[in-house]
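A short write-up of the structure that comes next.
The values are calculated or read from the model by the stated rules, or taken from the named source; none is laboratory data. Computed from a predicted structure; not experimentally measured. Cβ placement follows ideal geometry from the backbone for every residue including glycine, while neighbour counts extend to all protein chains displayed.
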Amino acid sequence: MGLSRRDFLKVAAGGSLVAASSFSPAPLLARESKARLPEAVGILYDATVCIGCKACMAACKEYNHLPPDHSTPGSVWDNPLDLSAKTYNIVKLYKNGTGQTKDQAINGYSFIRRFCMHCVDPACVSACPVSALTKDSTTGVVKYDKGACIGCRYCQIACPYNVPKFQWDQAFPQIKKCQLCDHRIAQGGYSACCEFCPNGASIFGNVQDLRKEARRRLALKPGEVAHYPLHRVDSQDVRHRIVTPYLNHIFGEREGGGTQVLMLANVPFQDLGLPPLPDESAASQSETLMHSLYKGMIAPYVLLGGLFYLVYKNTTKQDLP
Amino acid sequence: MVEESQPLGGKIVTKPFLVLAALAAVGVVLMLYRYLYGLGAVTNLSDGYPWGIWITYDVLVGTALGCGGYAMALLVYIFNRWEYHPLVRSAVLTSVFGYTLAGVAIFLDIGRYWNGYHLFLPWYVNFNSVLVEVALCIAAYVGILWLELAPTVLEGHQDNPKAQRARQRLERWLPVIVALGILLPTMHQSSLGTLMIIAGYKLSPLWQTPLLPLLFLISAITMGFAITVFESILSSLAFKRPFETPMIAKVGGVMVWLIGVYLVIRLADLLLRGAPVFSSGFLSSMFILENLLYVVPLVLLASPAYRANLRSLFVASSSLLLAGSLYRFNAFLVGYSAGPGWTYFPALPEILITLSIVALELMGYLYFVKRYPVLPKAEHV
Amino acid sequence: MPKCKNSQTLPSHFGLVSRRDFLKFCGVAAAAMGLPLSMGAKIAEAVAALKRPPVIWLSGQECTGCTETLLRSTHPTVESLILDLISLDYHEALSTPSGHLAEEAKKKAIAANKGKFILVVEGAIPMKDNGIYCQIGGRTMLDILKETAPLAMGIVAIGSCASWGGIPSSGPNPTGAVGAAEALGGKFKVINIPGCPPNPYNFLSTVLYILTFKKLPDLDNQGRPRFAYRRLIHEGCERRPHFDAGRFALEYDDEGHRRGWCLYKLGCKGPETYNNCPAILFGNVGARSWPVGTGCPCFGCSEKGVGFTAPIAAQASLVHFSTTGTPFKGEERVGGGRLCLTPPQTFPPIHPPEGHGPSAATVGVLSGLTGVALGAGAITATKLGKKETESDDKAGKE
């Protein structure tokens, strides 16, 4: 059997409209990764300063009214294994070999704090079908609105850091994630984790200032004494300590289009569970594809017109056996 | 229009029907449990695997199996091959059940189902979301499918003049309905693939590609043809009717072409991206199995002589259905990983609910073919 | 009660102490030294066999707090024990005689017990201006020490002042105060029992160890018996779970302080101070009878470079804890100084195992279903083969 050449060409013309943009290397409707907001706030986490005291975890639970999370039988301690609907923030331990030296990849250990990175171009916001996840236009905080959410969990698929968490044990569940204590920011405060961090491992502030501070730390010489601000990047409350070596990389400066949470460490970030991401955001890739196909619904309407014409012609002029 | 179909007649409540009803009942009880105690109570879903078999099987595979109506409409109305027209109705019927129950499965799966209507309120909808496109398209297509099926149902009420008038009115709108019935699946079957683009590194490079929408679309159409052949053979066997061999043999020929195109695109894409085809361990095995299942029909239906053989048609279409299903499972579950620590395997209640949905589907099919003119008249074959 | 072969040979009373209480004390001392309980009996025998070993107790720049702590050990009445057990031939605060009589007694005792007595030093020794800032009977402490040390069987420095200078040595150190070991120019092995005051059991156990085993206990690089100073206070602290859970008192008398949370943020030096305070407590009055237990952050009294040196509110920082248990040789303090810790075991790993794998029932049901499906498929395929021939036959007939 075979199709007539004419038929084939007609259909191919319509079909290629759909397929064309996914083939073309540089689609016309490419959507760039979004730019940083000037007023955006974030957190700088420095793993070389972190002592693993978990004060940030305790403060986070208290100020977000989260219940304890039990990963061991007995339900005595709050000992989460990972982020969950009950834990927005967690300190994890990287350990290698004998695990003797802090902030060393071989035979060493390092702490790493995991929480929402507040991406500049968040995949979850792009993915959410009902705008339950939104990015604040001033602070850049990625917020969740349970009133809009339908619980489809596409945000969980989309997030490269596996941050949004779902209440699996609830009949009326919600998505739960760090919102940078925006309820405290609204009252003139700032993130509880930074306010309660005793050592200045996590500091809160304007992302531009945080980037400057991160670059300053990378420029420090190991062994010399340097000051580290506590709680806030612009704080007068500083602490002096001997600088330990840094990996020359600010995680979150470019990863996945950039994040408002920046991280410093001396162990490769991939070993600390932070994925290697391309500079362009997953949201921009997905939306480029979507917009190329569906911008203004032009392609679908054209295709519909073509299909209608063919069906109409074929049904009216049909030559039934 | 020439009457080319007729109801099968006979008893509806038979032994197989009762078995299916029992399966469905078990599922309904479990569904109730899910609504009372949350998703965690009946499923093995977790934050690392937020989508399990309900999405992968019920929605992805379910709708792809429901692409029979779409594939046949494409062949008949667009490529003007009216000789296949007798197969359209039964294909549309399978599509109706495949899609309707996928819609039901979505409402089982989403956590905050009472907010589900937000998808249709413009001030909530985020038009950047691939899922919006998928959800709206599937919802619209379910409606279109029922409209496509409506003439069949109305035809079943020959002695009701109102029904006949409605049928005539509907048939005037047929070109629009059919055109939409082709456009919508084209849109959402491809978008189902686009869904995973945003998962980025979490989906293995064996499946993660910008061509996901195209591959999903083509494989959905091949599955549509395969399910038509499969269903035709099985219904002939089950209802002891003559086989539609020449017609489905030709459909087999169309399938071969499509599989060829699909495999060329799939392999070229892998080569261009330099994906680790053989060095990904378990994922490689799954990848090879998936594509071997695509090669089986290609070999079995290569020559017209083989295509006339019912057994090779049956094995080829089964293999193709398995291949398409495995592709979807691989791209959404097997090849997906939120991190090295995560594991997922469906829980028993999760599987039982899926089975009950399949049982409901089969019950609906049995009811409709016996009550309404769906299957082709014997003399047409 | 420790078993003792020769317990019948022990006298029924040691002065005011009953035999029963004495054995109990020996058991406690053995436990404090980390020895098996049966060692208590051995200690008792050793002590009973001795004829009151003579002790010369020299006092330098001190507050008598170390003597007081010894006297306050009440279970059993240790002051009676040491007074009856040892022959305290010279002690400026406790001697009945005074002035020339006391000095006379000292001279006699030293002459009679040359090489047999234990020299205990309490208080720092000023070195500046030839040590003129501390004189006893017209002679400098430095002179007295240098004269007495060579004649002693062993030297024990009790308290932080005698160990490394303590309070008198803290900046600007106007008298040039140093510890006993340094004053003697490092020529003699000195056992340091630092603390302000030290725990009396640490001192008594050390003395009993020497008497029992006729050798010095295992010492660390700062001359401290390892049985008492092997571990960080932070390691044994009853508030440690609060540290691990991140619950800190932020101010005195705040919510966290009242609830007994970790005092790290108030400047607790427990994480950098080696001592056994949380394990053996003070004064035999039960739980929480030690500084951190009462809500006062440890200020590191027994640690050179921490106590009387680091600001009380300064926070400690973390450095890896060496596997041998001995602290590193002192580095210059910066800010909070160094905090020594093993990497905690109570942290989640980077990729913990999560999610749900297959259960046996699920696998069983699924493989059953797969079997049925495959079987049905195979039967269908076979049937189709038959039908094929039938329809061919029919076609042939037609």
Determine if the range A:155-165 includes at least one residue that is buried (at least 21 other Cβ atoms within 10 Å of the Cβ), under 28 Å from B:Gly38 (Cβ atoms), assigned by TED's automatic domain parsing to the domain that holds A:Met263 and among the hydroxyl-bearing types (Ser, Thr, Tyr). yes
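Would you mind stating whether B:Thr56 is away from chain A (no Cβ under 14 Å), in a helix (DSSP H, G or I), surrounded by 22 or more Cβ atoms within 10 Å (Cβ to Cβ) and not acidic (Asp, Glu)?
Considered against the rule, which asks whether it is away from chain A (no Cβ under 14 Å), in a helix (DSSP H, G or I), surrounded by 22 or more Cβ atoms within 10 Å (Cβ to Cβ) and not acidic (Asp, Glu), B:Thr56 comes out as no.
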Can you name the number of the only condition in (1) at pLDDT 85 or above; (2) within 14 Å of chain A (Cβ to nearest Cβ); (3) loosely packed, with under 15 Cβ neighbours inside 10 Å that C:Phe328 fails? (1)
Considering the range B:32-53 alone, what residues qualify as being within 7 Å of chain A (Cβ to nearest Cβ), among the aliphatic types (A, V, I, L, M) and surrounded by fewer than 24 Cβ atoms within 10 Å (Cβ to Cβ)? B:Leu36
Could you tell me which residue of the range A:256-273 is surrounded by the fewest Cβ atoms within 10 Å (Cβ to Cβ), considering only residues that are farther than 17 Å from A:Arg211 by Cβ and within 12 Å of another protein chain (Cβ to nearest Cβ)? A:Gln270
Regarding the range C:267-277, can at least one residue be identified that is part of a loop (DSSP other than H, G, I, E, B), at negative phi and surrounded by fewer than 20 Cβ atoms within 10 Å (Cβ to Cβ)? no
Please specify each residue of the range C:87-135 satisfying the condition of being under 26 Å from C:Trp164 (Cα atoms) and in a helix (DSSP H, G or I). C:Lys106, C:Ile110, C:Lys128, C:Asp129, C:Asn130, C:Gly131
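From B:Tyr84, B:Tyr77, grab the single residue that is at the interface with another protein chain (Cβ under 7 Å from one of its Cβ atoms), surrounded by 19 or more Cβ atoms within 10 Å (Cβ to Cβ), within 30 Å of A:Tyr309 (Cβ to Cβ) and modelled with pLDDT under 90. Lay out the reasoning, then the answer.
Details: B:Tyr84 fails: at the interface with another protein chain (Cβ under 7 Å from one of its Cβ atoms).
Just a single option satisfies the conditions, and that option is B:Tyr77.
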Could you tell me which numbered condition B:Met187 fails, if it satisfies all but one of (1) part of a helix (DSSP H, G or I); (2) surrounded by fewer than 24 Cβ atoms within 10 Å (Cβ to Cβ); (3) at the interface with chain A (Cβ under 8 Å from one of its Cβ atoms)? (2)
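Could you tell me whether B:Ala91 is in contact (Cβ under 8 Å) with a residue 24 or more places away in the chain and within 14 Å of chain A (Cβ to nearest Cβ)? Steps first, please.
Details: in contact (Cβ under 8 Å) with a residue 24 or more places away in the chain: yes; within 14 Å of chain A (Cβ to nearest Cβ): no.
Criteria not met by B:Ala91.
Residues are listed down the side, and each one gets a yes or a no for (1) at pLDDT 75 or above; (2) more than 28 Å from A:Leu304 (Cβ to Cβ); (3) assigned to a strand (DSSP E or B):
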site	(1), (2), (3)
A:Leu9	no, no, no
A:Gly14	no, no, no
A:Leu17	no, no, no
A:Arg36	yes, yes, no
A:Tyr45	yes, yes, yes
A:Thr48	yes, yes, no
A:Ile51	yes, yes, no
A:Glu62	yes, yes, no
A:Leu66	yes, yes, no
Can you confirm whether C:Asp220 is within 22 Å of C:Cys301 (Cα to Cα) and either assigned by TED's automatic domain parsing to the domain that holds C:Ser59 or buried (at least 22 other Cβ atoms within 10 Å of the Cβ) (or both)? yes
Of a type outside the set (Phe, Trp, Tyr), under 22 Å from A:Phe166 (Cα atoms) and surrounded by fewer than 18 Cβ atoms within 10 Å (Cβ to Cβ), is that true of B:Gly111? no
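Go through B:Pro213, B:Pro175 for me and flag whichever is surrounded by fewer than 21 Cβ atoms within 10 Å (Cβ to Cβ), in contact with a helix residue (DSSP H, G or I) (Cβ under 7 Å, 6 or more places away or on another chain), of a type outside the set (Gly, Ala, Ser) and not in a loop (DSSP other than H, G, I, E, B). Quick ask: steps written out before the conclusion?
Values: B:Pro213 fails: surrounded by fewer than 21 Cβ atoms within 10 Å (Cβ to Cβ).
Answer to the selection: B:Pro175.
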Select from the range C:154-193 the residues that are free of Cβ contacts under 8 Å to residues at least 40 places away in the same chain, touching a Lys or Arg at 6+ places or on another chain (Cβ under 9 Å) and closer than 21 Å to C:Ile110 by Cα and list them in ascending order. C:Ile155, C:Leu184, C:Ile191
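Given the criteria out of contact with any strand residue (DSSP E or B) (no Cβ under 9 Å at 6 or more places or on another chain), closer than 30 Å to B:Leu271 by Cβ, within 7 Å of chain A (Cβ to nearest Cβ) and crowded, with 18+ Cβ neighbours inside 10 Å, does B:Ile198 qualify? If you could, list the steps in order and put the result at the bottom.
On the way: out of contact with any strand residue (DSSP E or B) (no Cβ under 9 Å at 6 or more places or on another chain): yes; closer than 30 Å to B:Leu271 by Cβ: yes; within 7 Å of chain A (Cβ to nearest Cβ): yes; crowded, with 18+ Cβ neighbours inside 10 Å: yes.
Yes; evaluated as a whole, the condition is true for this residue.
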Could you give every pair whose Cβ atoms fall below 8 Å, whose first residue belongs to the range A:160-186 and is within 10 Å of chain B (Cβ to nearest Cβ), and whose second residue is acidic (Asp, Glu), counting only separations of at least 6 or pairs across chains? A:Asn162/B:Asp47; A:Lys165/B:Asp47; A:Phe166/B:Asp47; A:Trp168/B:Asp47
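Evaluate the following for C:Gly159: is it in contact with a strand residue (DSSP E or B) (Cβ under 9 Å, 6 or more places away or on another chain) and either crowded, with 22+ Cβ neighbours inside 10 Å or farther than 30 Å from C:Arg52 by Cβ (or both)?
On the way: in contact with a strand residue (DSSP E or B) (Cβ under 9 Å, 6 or more places away or on another chain): yes; either crowded, with 22+ Cβ neighbours inside 10 Å or farther than 30 Å from C:Arg52 by Cβ (or both): yes.
Yes, satisfied.
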Suppose the filter is within 7 Å of another protein chain (Cβ to nearest Cβ), of a type outside the set (Ser, Thr, Tyr), in contact (Cβ under 8 Å) with a residue 24 or more places away in the chain and crowded, with 19+ Cβ neighbours inside 10 Å; does A:Ala283 pass it? yes
The conditions are (1) assigned to a helix (DSSP H, G or I); (2) free of Cβ contacts under 8 Å to residues at least 12 places away in the same chain; (3) more than 14 Å from chain A (Cβ to nearest Cβ), and C:Pro241 fails exactly one of them. Which is it? (3)
